[in-house]
1. Could you check segment 20-67 and list, in sequence order, the residues that are part of a helix (DSSP H, G or I) and touching a residue at least 60 places away in the same chain (Cβ under 8 Å)?
2. Please tell me if Q95 is more than 10 Å from the chain's Cα centre (by Cα) and at pLDDT below 95.
3. Return yes or no: is V45 surrounded by 17 or more Cβ atoms within 10 Å (Cβ to Cβ), of a type in the set (A, V, I, L, M, F, W, C) and modelled with pLDDT of 95 or more?
4. Just to be sure, is L34 closer than 20 Å to L125 by Cα and surrounded by fewer than 20 Cβ atoms within 10 Å (Cβ to Cβ)?
5. Return the total of residues in segment 29-59 being polar (S, T, N, Q) and closer than 16 Å to A85 by Cβ.
Amino acid sequence: MNRARLRVPPFITRKRHEVDDLWPLQDFLELGALASAVPSARLHVRQVLREWGIGHLGDTAELVVSEPITNAVEASREMTQFASARLWLLSDSTQILILVWDTSPQPPVLADVTDEAEHGRGLMLVEAVSEQWGWSAAEDSDGKFVWAIVRLCSRG
């Protein structure tokens with residue numbers, strides 16, 4: 001992997017060596033804002049975690065990635081014709097940090113949905129299965145980052 005080309009969001013840290021120290025396992029994927037982006041991101045997450053030796057977290061990480069990538073594709077397509085979504089996976093051997101960037105500055109909204117609603121539960125699922133999640137405005141470009149942390153240790 002060409003580590004010089006890995007673009008880590010600036011809000012993680014200002015010093016590149018600190019990112020490498022805190023998150024030694026790093027991966028980046030840029031996706032077109034297309035319907036195929038979500039299954040591609042899920043498959044990518046599963047394969048990367050398998051390579052890192054933490055494939056047992058594939059189901060949880062795929063679930064956590066699906067919602068922000070879905071939202072990123074929709075938001076980016078609304079903002080520009082040639083849109084993309086970006087996915088970072090970082091791990092320190094005890095947790096995975098999942099970051100998704102899109103072109104929209106609008107914050108994600110944790111919806112209060114009824115039992116009958118067919119949509120709107122995605123961030124509720126992210127909140128339920130991740131250790132924590134949040135979002136941040138992009139500091140050096142338009143758009144925002146949505147992030148979530150998945151712990152490597154099993155919850156018991």
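1. Scanning segment 20-67 gives L22, L57, T60, A61, L63, V64.
2. Details: more than 10 Å from the chain's Cα centre (by Cα): yes; at pLDDT below 95: yes.
For Q95, the condition - more than 10 Å from the chain's Cα centre (by Cα) and at pLDDT below 95 - is met.
3. Yes: the conditions hold for V45.
4. Working: closer than 20 Å to L125 by Cα: no; surrounded by fewer than 20 Cβ atoms within 10 Å (Cβ to Cβ): yes.
Here the answer is no, as L34 does not meet what is asked.
5. Let us first name the residues in segment 29-59 that are polar (S, T, N, Q), namely 36, 40, 47.
Subset that is closer than 16 Å to A85 by Cβ: 36, 40.
Qualifying residue count, segment 29-59: 2.
The values are calculated or read from the model by the stated rules, or taken from the named source; none is laboratory data. Keep in mind that what you see is a predicted model, and the values were worked out from it rather than measured. Because the Cβ atoms are built from the backbone with ideal geometry, glycine has one as well, and the counts that use them run over all protein chains shown.
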